[in-house]
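The values are calculated or read from the model by the stated rules, or taken from the named source; none is laboratory data. As the structure is a prediction and not an experimental result, all values here were calculated from the model. Reconstructed Cβ throughout: ideal geometry from the backbone, glycine too, with neighbour counts over all protein chains shown.
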Amino acid sequence: MPPPTLSTSCELLSRGPDVNLMQQEVTLHTFLNDLLKTLRQDDYTPLAQFFHPKAKAGKNIGDKLHALLRNRYDKPWQFSIFRVWRITSPSGSKDLLDSCPESAGAKIITQFGFEKQFAIWIQIMGQNELGRLIFAIATDKGNIAITGMRLQQWTQGGHDWEYWREQAELQAKQNDKRSAYFTLDVAQKLLAGEDFVIYPEQRLMQEARNQLMSKAEVIHDINKSLKVESIAYVGSLLAKDGTGLLIREIVPPQASTHELLALCRKRAESLQQLAWLKPKQGLRCNYILAGMDPEQDSPLGGFYMTPDDLKNFQK
């Protein structure tokens with residue numbers, strides 16, 4: 001008879017706000033204190049040394065994270081431990097755990113190839129919003145390192161996903177399907193955990209959004225409104241100064257930067273006039289070539305028109 005297969009376990013070690021793991025995990029205790037110290041500095045260059053080679057983070061991972069934080073959160077920033085779980089995965093397989101205590105219904109995804117690992121949620125408190133840094137951390141050959149990281153926006157406009165879902169329900173009752181669609185899109189994005197955590201509520205909101213309108217219908221409608229056929233994607237936008245729209249538009253390869261900027265301004269003015277953009281909403285234009293994936297940003301980049309930029313158009 002083969003030996004019984006050991007199952008993956010998930011144990012809550014800490015709920016913060018400070019690192020208090022000296023009695024359970026001394027090495028992790030020191031590691032997290034050093035990580036928090038780095039996050040509280042202005043220079044994020046040392047962050048790369050915390051990552052496992054398998055994470056393929058790159059030497060500029062600290063600069064990238066610092067730029068994302070600056071774009072989303074007004075200083076000063078406060079970082080604190082929100083939750084720490086210890087995960088034991090005898091097979092080192094990638095599993096979806098729904099047994100982690102105090103995860104607010106979230107299912108944590110284990111990282112492949114590590115028998116002992118940790119899921120760490122660090123809360124970010126900015127002057128405008130709340131966010132979370134989700135870290136996957138593992139021990140490997142006596143060393144401890146970050147194997148993955150995800151920055152999750154937790155509030156938008158000072159409100160969490162439940163508020164945005166409630167607003168979408170009100171809009172749907174008023175038969176404003178387009179507004180409800182984009183509001184639900186904001187709500188579900190606040191629960192986006194990618195390869196680290198899954199929230200069942202996010203899937204439900206995505207389904208509710210798609211019942212209001214399909215992505216294809218929204219893309220058809222915006223092209224029809226603008227009298228073009230080049231918009232390949234439209235979705236909600238989460239920005240530091242408010243929500244807005246993100247569009248990805250197919251452009252010819254020879255289009256210059258000056259032409260693309262002028263095109264974004266033109267789209268912003270038209271979308272305001274057509275009530276696709278509401279007051280205090282911005283627009284991000286991203287440009288792709290024919291054949292590129294419209295669900296992904298392209299190397300062509302784009303432009304962001306803030307609500308203040310759009311106000312100036314009206315003057």
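Filtering the stretch 80-99 to residues that are surrounded by fewer than 19 Cβ atoms within 10 Å (Cβ to Cβ) and either of a type in the set (A, V, I, L, M) or under 23 Å from the mean Cα position of the chain (by Cα) (or both) leaves 80, 94, 95, 96, 98. State yes or no: is residue 87 in a strand (DSSP E or B), in contact with a Phe, Trp or Tyr (Cβ under 7 Å, 6 or more places away or on another chain) and within 17 Å of residue 191 (Cα to Cα)? So residue 87 does not fit the description; no. Of all the criteria given as (1) acidic (Asp, Glu); (2) in contact with a Lys or Arg (Cβ under 8 Å, 6 or more places away or on another chain); (3) part of a helix (DSSP H, G or I), the one not satisfied by residue 74 is (3).
Number of residues in the stretch 165-192 that are within 15 Å of residue 275 (Cβ to Cβ) and either among the aromatic types (Phe, Trp, Tyr) or modelled with pLDDT under 95 (or both) equals 2. Picking from residues in the stretch 110-145 that are crowded, with 21+ Cβ neighbours inside 10 Å, part of a strand (DSSP E or B) and among the β-branched types (Val, Ile, Thr), the one that is nearest to the chain's Cα centre (by Cα) is 134. Restricting the first member to the stretch 202-217 and to residues that are farther than 13 Å from residue 169 by Cβ, and the second to residues that are aliphatic (A, V, I, L, M), the beta-carbon pairs closer than 7 Å and six or more apart or on different chains are 202/191; 202/192.
Residue 32 falls short on exactly one of the conditions (1) outside any helix (DSSP H, G or I); (2) touching a residue at least 24 places away in the same chain (Cβ under 8 Å); (3) closer than 26 Å to residue 101 by Cα, and that condition is (1). Within the stretch 6-65, the set of residues being under 22 Å from the mean Cα position of the chain (by Cα), of a type in the set (Val, Ile, Thr) and within 27 Å of residue 93 (Cα to Cα) comprises just one member, 61. Checked against (1) of a type in the set (Lys, Arg); (2) over 16 Å from residue 149 (Cβ atoms); (3) out of contact with any strand residue (DSSP E or B) (no Cβ under 9 Å at 6 or more places or on another chain), residue 56 passes all but a single condition, namely (2).
Screening residue 201 on (1) within 21 Å of residue 96 (Cα to Cα); (2) crowded, with 20+ Cβ neighbours inside 10 Å shows it passes everything except condition (2). In a residue-by-residue description of the stretch 94-102, the property of being among the charged types (D, E, K, R) and touching a residue at least 40 places away in the same chain (Cβ under 8 Å) applies to at least one position. Please tell me if residue 33 is in the same structural domain as residue 128 (by TED's automatic domain parsing) and either surrounded by 15 or more Cβ atoms within 10 Å (Cβ to Cβ) or farther than 17 Å from residue 121 by Cα (or both). Spelling it out, it is not the case that residue 33 is in the same structural domain as residue 128 (by TED's automatic domain parsing) and either surrounded by 15 or more Cβ atoms within 10 Å (Cβ to Cβ) or farther than 17 Å from residue 121 by Cα (or both).
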